[in-house]
Amino acid sequence: MSEAASRRLGLGGTAGIGSLRAWSVYIAFLILILVDLAVTPGFRNIFVLRNLLFEASPIILITLGQSLAIGTRGIDLSVGSVMGLSAAIIALALPAGQPLALLAGVGAGLLVGLFNGGLIAWLEINPLISSLALLVAARGFAQALLDGERVSLPQGGLFDVLGVNAYGDIPVVAFIAAAVVALVALVVRATTFGRYVIFVGANRLAAELAGMPARRTLFLVYGISGALAGLAGAFAAARLGASDPNYIGVNFELDAIAAAVIGGTPLSGGRISIIGGVIGVLLLQVLDSSFIMNDIDFTYAQILKALFIVAALYLQRAGG
Amino acid sequence: MTGDGVVLETRAVSKTFGAVRALQSVSFALRAGEVHGLAGENGAGKSTLIKVLTGFHQPDSGEILLAGQPVRFADPRASQRAGVRAVYQEINLIPERSVAENMFLGDEPRRFGLLIDRRRMAEQAREILGRYGLDIDPRARLASLGLGLQQMVSIARAVSRGARVVIMDEPSSALTGHEVETLFALVDRLREERIAILFVSHRLSECYRLCDRLTVLRDGKIAASGTVRELPRAELVAAMLGRSAEILERGHGQAPAAAAGPVLKAEDISWRNRVRGVTLSVRAGEVVGLAGLLGAGRTETMKAVFGAERPDSGRVILGGRAMGEPSPARSIRRGLGFLPEDRRSEGIFPKLSVRENLTAAILPRIARFGFISKRRQDALVARFTAELGIKTDGPGAPITSLSGGNQQKVLIARCLAAEPLALMLDDPTRGIDVGAKAEVHAVIHRQAGKGLAVLATSSELEELMALSHRLVVLSEGAVAGERDTAETAPGEVLDLLAGAP
Amino acid sequence: MSVTTAELRPAPASERRNRILAIVQARGAILVLILAVIAASIRFPAFLTAANIADIVTAASFLGLVTIGQSFVIILGGFDLAVGSMIGLGTVLAAYSVPYGWLPALLVPALAGAAIGLIDGLLIARAGMAPFIVTLAALLGVQGLALTLAKNSLVIEHPGFFGWIANGSVLGVGNLIWILILGFAIAALALNRTRYGVSVFAIGGNEEAATMLGVPVIRTKILTYMLSGTLAGLSGALLGAHLSSGIAGAGYGYELKSIAAAVIGGILLTGGVGTMAGALAGVLLLGLIENVINQIGTLSSYYQNLASGIFLLIAVLAQSLLSRRKR
């Protein structure tokens, strides 16, 4: 019916309104940058960019995983807590040396993600629920591991590379995040696995009838999301110079979901916009900092964020 | 009020959805105290008619009369208030709540105008159920009852709320023998109470046992109507299946020599009680039609053979080798393709392009180290758009921008791209226009000419006969007979389909 | 005829099993709660004292009120992620309103909650947007609003009667305990004995059928989100009175805790099934875990979250297995 309706209105499927929808996040981002350049004092300062990228990099990582999950018509609420858990494991594994500790953090994220994926793929538990349970449990686990205490990480070595170092004014973590973005974008665009993710989200039944491994795809998607959250936890801990189970990753799942949705990955699955999601993260970050730098109450930024989400959702709904 | 007791009547009602004319000038009358059977294949307009009568849809033109007065049902609640109630095949009640709650939902007896009086509600429910000879505990959870009893509760709800017209949409299709008997006894009881019943069923024997009058819909029009005596079985089936095939040429050419061995063999396939020990085989180059009325098990047989449903028994042999545990992935790998019946929900990936849709089943084959070669994808798209005559703006065009017939060709191309030995097509011409039908037929014949073994169904018998070399006729989930189409008259097949002795 | 209907029944064995499963699902939390209380009283002598029990229930009352609303929303087939922020906003609004008397201090947060619930409900029921994302946006928006109104915590200087509502007692039992009991009693009555409650169950059980059966689906949905918002606002007002302050972040995590309490209490996340008694048991069980972990002393209080999360996981797994077995 809606198909017929859109044809009658001459919308031609996704051509007309679709492109506007796809571009809206870029346009919004551009406008925000231009406004900031014009009115925000000190916005041109390069430290702003540097700080922004440090903040944005871990969120970009979890937004990638989130976009994959949403692309399959699911969601992953556990990413923020998994960041905290990863940071906690890193703190505990420090005696084994920094590289191994880092690996242990990412590995913990992967395990939680695969557990989540197993519940979703084989026990057919609603992803919203299973990842909600893991949100609570992983945060509690992280807090329990460190007794709720902030544990300082040693200076130097790998943690400085991730938390302090920058080439020019671009932090190392931003390069890593960019590389992961490129990799995930390539996987989604050009590999069989990436296509399975999209197909399963677009029409699970048809995907199964076309012989695709739907369950395995879901399992891996949540595993990837967990591993990326693990890496994001390492980034955040290195930046903070400490592992803080009450701070790292708290509420980050909300930012990731918001960024993915604003970036044009519809909750109804079957489409993933990797670059859009990245721009979504940057948009939300710039929004935060421009409010702060203009001495406007930063809490307005949060209200605006909420409106952005609703508007993005409304646009998606209109476009089917 | 008309003299012959007409309760509900439609006059020249038409309803169009987009390009589909679901109902075309349908005039039809339902009398008090009669059981009126409504028959027709998929897409004939039965459900649209029911939805118009119950206020889900408003007719584009024509009028509905209730007891002689023109009425307009804005929504289902309006029709319910007027005394027109429908009981659906999939029980439309709340399974987790009690029987009494389901019967009184929205109209519970209350104390102080606020609190529901549960004891009174249970008593009243028991009284109503008892009146229809139903011994059901009103406090039982609905889901704890069998499907049959749930259906009874649904009907009891309808009549207890003052229904003058009860529409039963495939009420018996999920019921067992005993349950059907209970249903029939209840229907007889309602007939005595002068309630008008519209009985929609694809089980012809039931229609003839229960109904006073029958109406057949076909392509949104009334194809036949009359009392059961005026409308014998064979005539009814002929009216249901129609003769649109006259415009389709019998273009299948020579059947392959009997010497050619079977490519696809299914032996003793059973699935639940819908497919019962079906055995069939298809030779290379042969097109076999799987005939059967709606509900005879056509789709279920194909899905069980393909592995989309796990068969309870039986085995499938493809190209001389037995297939292990059936699954779609394994079937496709081994060379068995399947085109599902419901294009929208089981076939297309709606947000994606023609390229993606066409190559969906063979991604591993056109990928190297997991990376898909777009060049090979586009080569396949180019090959099949030319070979099957798919009209599209290019490989990147969204699948939903194509017409139904072209979408179907893309899905057939998806099957063919896997280079199958055998292909099962479940109603490949469903919902596409006549010109596109002829093209799809030509595609199937060309592929068969190259040695593909094809098993196909259609809701139109003559079309299926025009398409296939041989027919396997299913009736109630079992094979009722096999016929060579070249040597068989449609009437003979109709008898088989209708289940005549 | 009655002979045939008798034959239509499913086999008694499977029916008995289903009934047992249904009881486990509905009463499991209560059973676990009783066992936990017994175990805790044996292990910790200080547990089963009137003062300690009163402490547990009082601390659980804020979660209890929001869990009522959350349970209604979940039974309806939705989610309300905005309740935590709404509690925060409630404390802040209460702090602002106290100078005008205790009634505004209760009413303003409640009405604000109702207004937020109305917006959520309209977007969900009328515009057909996903409850999850709508209430997520509301979570952010309301949090922003609360922080805008009170960046630092506001101190309620002279709570007066308003303070008594949360901290006083009647007949030796704390007012918050009375409010909790009363709230759940009214909620149970509304859910089981009114048309509104039956509509909530019907929509969650089978929305399409409910529409066809003439249930006012849109109105019921909007009302339910409004109810959840109102209760969260009220809970915030009471928390503000209890703490004598307005803190924007006071309700942090309550959205998840309330969902966890409801689910542990046997309310099916798929909608259509649940009891208020179960939800209350879920609330008290979470409160008990918190209390016991404090009693252990050597254990970091952070094991609370881990324990709640594991409980939630077990509850979800049990639910999914139970509902599968039943089919």
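What follows is calculated from the coordinates using simple rules that are stated; it is not laboratory data. In this text the structure is predicted, and so the values were computed from the model without any measurement. Every residue, glycine among them, receives a Cβ derived from its backbone with ideal geometry; neighbour counts consider all protein chains shown.
Key figures
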{"read-out": "Charge dipole (chain A, unit charges on Cβ, about Cα centre) - positive-most of A:THR40, A:LEU220, A:ASN203", "value": "A:ASN203"}
{"read-out": "Amide H partners (placed H, <5 Å) of B:LYS221, local residues excluded", "value": "B:GLN24"}
{"read-out": "Kirkwood-based shape ratio for chain B, expressed as Rg/Rh from alpha carbons", "value": "1.01"}
{"read-out": "Aspartates and glutamates whose Cα lies under 12 Å from that of B:LYS374, excluding same-chain neighbours fewer than 8 positions away", "value": "B:GLU356"}
{"read-out": "Label zone at A:GLU149, where the point sits 7 Å out along the Cα-to-Cβ direction: the range A:91-111 residues whose backbone N lies under 17 Å", "value": "A:91-95"}
{"read-out": "Cβ-Cβ FRET estimate between C:GLN295 and C:SER169, R0 fixed at 30 Å, reported to 0.05", "value": "0.80"}
{"read-out": "Local electrostatic count at C:GLY113 - Lys and Arg +1, Asp and Glu -1, tallied over other residues with Cβ under 14 Å", "value": "-3"}
{"read-out": "Estimated D of the range C:237-313 in µm² per second, where Rh is the Kirkwood radius over Cα pairs and Stokes-Einstein applies at 10 °C, 1.306 mPa s", "value": "116 µm²/s"}
{"read-out": "Test item: Cα-centred dipole of the range B:374-447, Lys/Arg +1 and Asp/Glu -1 on Cβ, debye", "value": "240 debye"}
{"read-out": "Cα-centred dipole magnitude for the protein assembly as shown, charges only on beta-carbon of K, R (+1) and D, E (-1), debye, nearest 20", "value": "720 debye"}
{"read-out": "P(r), alpha carbons of the range C:173-240 - 5 Å bins starting at zero, rounded %", "value": "4, 15, 20, 22, 15, 11, 7, 4, 2, 0"}
{"read-out": "HN-Hα J in Hz across the range B:202-214 - Karplus 6.51, -1.76, 1.60, θ = phi - 60°, x for Gly and Pro", "value": "9, 8, 5, 4, 5, 4, 6, 6, 9, 8, 8, 8, 10"}
{"read-out": "Inter-label distance for B:PHE369 and C:ARG126, nm, one decimal - labels placed 7 Å from Cα along Cα-to-Cβ", "value": "5.6 nm"}
{"read-out": "Value of Rg/Rh across the protein assembly as shown [Cα atoms, Kirkwood radius]", "value": "0.99"}
{"read-out": "Cα centre as origin, Lys/Arg/Asp/Glu Cβ charges: chain A dipole, Debye", "value": "1080 debye"}
{"read-out": "FRET efficiency estimate (nearest 0.05) - Cβ-Cβ, C:ALA318 to C:THR49, R0 41 angstrom", "value": "0.80"}
{"read-out": "Other-chain or far-sequence residues with amide H under 5 Å of B:ARG97's (modelled H)", "value": "B:LEU142, B:ALA143"}
{"read-out": "Separation of the A:ILE170 and C:ALA59 label points, Cα + 7 Å toward Cβ, nm", "value": "5.1 nm"}
{"read-out": "Residue-by-residue Karplus 3J(HN,Hα) for the range B:340-349, coefficients 6.51, -1.76, 1.60, Hz, glycine and proline x", "value": "x, 6, 8, 4, 6, 8, 10, x, 7, 9"}
{"read-out": "Stretch in chain B that is longest and holds no chymotrypsin sites (Phe, Trp or Tyr not before Pro) that DSSP places in a loop and that have at most 14 other beta carbons within 10 Å", "value": "B:113-368"}
{"read-out": "Under DSSP loop assignment and at most 16 Cβ neighbours within 10 Å, longest chymotrypsin sites (Phe, Trp or Tyr not before Pro)-free interval of chain A", "value": "A:123-246"}
{"read-out": "Label-zone membership for the range B:312-354, site B:GLU267, 7 angstrom Cα→C-beta point, backbone N under 11 Å", "value": "B:314-318, B:321-323"}
{"read-out": "Theoretical FRET efficiency, 1/(1+(r/R0)^6), r = Cβ-Cβ of B:LYS450 and B:ALA489, R0 41 Å, to 0.05", "value": "0.85"}
{"read-out": "Residue among B:GLN58, B:ALA44, B:LEU93 farthest towards the positive dipole end of the range B:21-148, charges placed on Cβ", "value": "B:LEU93"}
{"read-out": "Structure-based [θ]222 nm, the protein assembly as shown - -39500 (n - 2.57) summed over DSSP H runs of at least 4, per residue, nearest 500", "value": "-18500 deg cm²/dmol"}
{"read-out": "Separation in nanometres of the label points that stand 7 Å from Cα toward Cβ, at A:LEU158 and B:GLU123", "value": "7.6 nm"}
{"read-out": "For C:GLY265, distant residues with modelled amide H under 5 Å away", "value": "C:GLY282"}
{"read-out": "log₁₀ of I(q)/I(0) at q = 0.23 Å⁻¹ - the range B:64-149, Debye sum with one point per alpha carbon", "value": "-1.15"}
